[in-house]
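Before any comments, here is the structure.
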C-alpha cells in the first residue's frame, strides 16, 4: 500500500488518512490510486462498520496536484483529465455509496476535489481553522468529484452556483451556517471529536445506516410516490433484521440495545 494514504482498522472503525502533509495532501497519481483502492477495500470489509476520512498536517486535501497536472497537460493535453473517470468518480462513489457511514474529519482546507470528497461523506466534523473552497473555476475547469450533485443538496442551488462561479474560502463557522459542516470544533479537538462521532456510528445499527443512505440517494432523484415505494421496500428488509429485533426487545425491557449490523 502507498505511504501517501494510511489505512488502519480498529474495533470496526477504518481510519483513512491522506498523508502528503508537505504537499497539503494534494492528489497526485499515486495518492488518487491509493485512496480509490483503500476506500473500496473498506467498503468490502465486513469487519468495518464505519469509516473516518481525514488528512495529516495542516490541510484536509487541496485537490489535484497541479505540479503533476502541468506535466501531464504538456504530455497528453486534455486527456490528463481522464483522471476524473479513473480516480475521482470511483472515489466519490465509494464514499457516497458505501453501505456504512463515512465521517470526514476536516482538519484544514478542503479545496477542489478535496472539498468534493468531504461533501460526499455522510457527516463532516470540521476544525475551526479549516475552510472549504470549490476552486474549479479558478483554474478554468468545471466541477468534478460529485460537487455539482452534492453541493446543491447541502446548501441549495442558488448558493451552490455562487460558490462555484466565485470560488472563495468558506471558513468553518460560515460552513456550519451554510450546511457544509455538521459540527465545528477547536482544531486541537478535531481528531478526538471526529473519532468519537465515528465510534458512535460503529456501535449503532449499521444495516439501518446503509438503508438510510440508500433511501436518501434514491429520494434525491425520484418522485415522492417512488420514494415511498423505496422506503417501504427498505423498511420490510430492516424489519427482518436482528438489529431491529434487538432494539425492540431492549426498548421493552428498558435496556440499551447492542447492534451487530445484521
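The angle between the Cα long axis of helix 66-76 and the main principal axis of the chain comes to about 70°, on a 0 to 90 degree scale.
Estimate the FRET efficiency between residue 189 and residue 70 by the formula 1/(1 + (r/R0)^6), using the beta-carbon distance for r and 35 Å for R0, to the nearest 0.05. After rounding, the FRET efficiency stands at 0.40.
When 61, 121 are sorted by how many other C-beta atoms sit within 10 angstrom of their C-beta, beginning with the fewest, the order is 121, 61.
Residue separation of residue 162 and residue 89 scaled by 0.36 nm, minus their Cα-Cα distance, works out to 23.9 nm of gained length. Taking the alpha carbon gyration tensor of region 5-202, multiplying each eigenvalue by 5 and rooting it gives semi-axes of 24, 20, 15 Å, largest first.
Using the average count of surrounding beta-carbon atoms within 10 Å as a protection proxy, the listed peptides 202-213, 148-159 rank, highest first, as 202-213, 148-159.
Placing a label point 7 Å from the Cα of residue 218 along the Cα-to-Cβ direction, the residues of region 241-262 whose backbone N falls under 17 Å of that point are 241. Each helix, a run of at least 4 DSSP H residues, gives -39500 (n - 2.57); summed and divided by the residues of the chain, these come to -14500 deg cm²/dmol at 222 nm.
With Cα atoms as the point set, region 12-55 shows a radius of gyration and Dmax of 11.2, 34 Å. The calculated P(r) of region 194-262, using every Cα pair and 5 Å bins from 0, goes 3, 17, 20, 19, 17, 14, 8, 2, 0 in percent. Computed from the C-beta positions of residue 260 and residue 3 and an R0 of 41 Å, the FRET efficiency is 0.75 to the nearest 0.05. Of the residues 248, 9, 126, 184, the one with the fewest other Cβ atoms within 10 Å heads the list, and the complete ranking is 248, 9, 184, 126.
Spin-label pair residue 169-residue 153: with each label point 7 Å from Cα along the Cα-Cβ axis, the two points sit 2.9 nm from one another. Shape class of region 138-262 from the Cα gyration tensor (axes a ≥ b ≥ c, square roots of the eigenvalues): oblate, since a/c reaches 1.5 or more and a/b does not exceed b/c.
FYI, it's all coordinate maths here, none of it is from the lab. For clarity, every value in this text was computed on a predicted model and none was experimentally measured. Cβ atoms come from the backbone with ideal geometry, glycine included; neighbour counts cover every protein chain shown.
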